[in-house]
Amino acid sequence: MSSGIEAALESPDFSGCVEGALCKNTAALEELLELAREFAITPISGFKVGAVAVGKSGKGYIGANMEFTGVPLHASLHAEQSAIINAWMHGESVIDSLIVSELPCGHCRQFLLELHGAAKLTIRAKGLSKNLAALMPEPFTQTRAKGRGLLDSPAQKLIGTQPGASDVAQRAINAASRSYTPYSQSPEGFIIEMLDGHHFAGRAAESIAFNPSVPAAITALNQLNLSGRRKVAISRCTHAKLATALTHSLAFTEALMRGICGVPIESVLMETDS
C-alpha cells in the first residue's frame, strides 16, 4: 500500500474520500479497492466487498458492504451503494466510473439507476469494463433528468414542528432536507454524535424498486464506518421525519441502533416550509 494511502487512512479526519494521484491511475485505484474491502463489516456472510466511485471532480470515494445482526437481511448495505452514498454525502454530483471487487448484483444495478446519466456509468470488476446499460438491458426505471437524480437533486425546505430545536435536532432537519425521496416524498435525517463531539449525518436515498432504498441511519453509519473515527463510541442519536410521512424508518432505526450502541434515539418531527 502506498505511503499516501496509509497516511490518509491513519488520519482521524479521514472521511472515505481521496484525491490527486491516489485515484488517478489503474494501479492506485486497485490499491484503493483493496483498502475499501478492509472497511467491510460482515458478521453474517463473512464476504467482504469493496468499491471505489470516481467522481467528475477527480476524487475517489471508497465503499464497503455492511451487515447488521438483529435486523432483517435487507438492512444490509452493499459496497456499490456505500461508495455512491459516500460520494453523495461529500457533495459529488456526477460519478464517471465505479470500480468493484465483485460484479454488482441486481440489487445494486437497480440502485445505480437513480443516478442521472446512469446508463453511461462505467463499471469495472474482475477485469471486465461495461456500462450500466449493458448490465441492465431492460431496466425497471424512470430516467432521472439532470438535476433530479440521486446525486444532484436540490434541497427541500424543511422546519421543525416545535420551536427552539436543539443544535443536533437542527442538524437532523438539515440532513433530511437533502434526502432523495422522489417516490414517497418522505425525507428523513439522522445524526450520530460521537463521544469526541464529532457528528455524522445521514439522509434517505430511495429506489424506484423500493427495496434497494437506504434509510438515513444507514447512510450515517456508512459515513462513520468509512471515517477515521469509526472506533470512537457513539453518545447520541437523533432522527428527523415528516409529521405527515407516508413511510418512515424510526422503528427500524431504533432496532438497528439498539444492537449497535444501545443509545436512545431522539425523535424530531418536521414539516415543509412553504
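Values quoted throughout were computed directly from the atomic coordinates according to the rules given, and no laboratory measurement underlies them. This one's a predicted model, so the numbers in the text were calculated from it and none came from an experiment. Note that each Cβ is placed from the backbone with ideal geometry, even for glycine, and that neighbours are counted across all protein chains shown.
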**Message:** Can you tell me the convex hull volume per residue for the range 35-177, based on C-alpha atoms, in Å³ to the nearest whole number?
**Reply:** 151 Å³
**Among 108, 237, 261: highest mean-square fluctuation, GNM of the chain, C-alpha pairs under 10 Å** = 261
**Request:** Would you please put 193-203, 39-49, 209-219 in order of how densely packed they are, using the mean number of other Cβ atoms within 10 angstrom per residue and starting with the highest?
**Result:** 209-219, 193-203, 39-49
**Request:** Any chance you could run the full-extension gain for residue 155 through residue 105? It's 0.36 nm times the residue separation minus the Cα-Cα distance, nm to one decimal.
**Result:** 15.0 nm
**Fill in**
Taking every other residue with Cβ under 13 Å from the Cβ of residue 249 and scoring Lys and Arg +1, Asp and Glu -1, one gets -1
**Cα extents of the chain along the three principal axes, largest first (Å)** = 53, 41, 34
**Message:** Based on Cα coordinates alone, diagonalise the gyration tensor for the range 158-272, multiply each eigenvalue by 5, take square roots, and list the semi-axes in whole Å, largest first.
**Reply:** 21, 17, 12
**Prompt:** Among 67, 19, what is the fewest-to-most ranking by other Cβ atoms within 10 Å?
**Reply:** 19, 67
**Request:** Would you tally the net charge around residue 182, using a Cβ to Cβ cut-off of less than 11 Å, leaving residue 182 out, and scoring K and R as +1, D and E as -1?
**Result:** 0
**Request:** Identify all aspartates and glutamates with a Cα-Cα distance to residue 59 below 20 Å; exclude those on the same chain that are fewer than 8 residues away in sequence.
**Result:** 6, 10, 13, 19, 30, 31, 34, 38, 80, 92, 96, 152
**Request:** Quick one: work out the % antiparallel among DSSP beta bridges in the range 1-151, nearest 5.
**Result:** 75 percent
**Prompt:** Hey, what number do you get for the chain at 222 nm if only DSSP H runs of n ≥ 4 count, each worth -39500 (n - 2.57), divided across all residues, to the nearest 500?
**Reply:** -7500 deg cm²/dmol
**Simple label model, 7 Å out from Cα along Cβ direction - residue 148 to residue 34, nm** = 4.4 nm
**Message:** Pick from 235, 82, 93 the residue whose mean-square fluctuation is largest in a GNM of the chain, springs joining Cα atoms under 10 Å.
**Reply:** 235
**Item:** Charge context of residue 41, other residues only, Cβ under 10 angstrom, K/R +1, D/E -1
**Value:** +1
**Nearest 10 degrees, 0 to 90: helix 26-37 Cα axis against the chain principal axis** = 40 degrees
**Asked** What ³J(HN,Hα) values, in whole Hz, does the Karplus curve 6.51 cos²θ - 1.76 cosθ + 1.60 give for the range 182-195 when θ = phi - 60°, with x put for Gly and Pro?
**Response** x, 9, 9, 6, 10, x, 9, x, 9, 10, 9, 9, 9, 4
**Above-threshold pairs, the threshold being 22 Å between Cα atoms, out of 48/126; 126/231; 120/146; 157/241; 48/241** = 126/231; 48/241
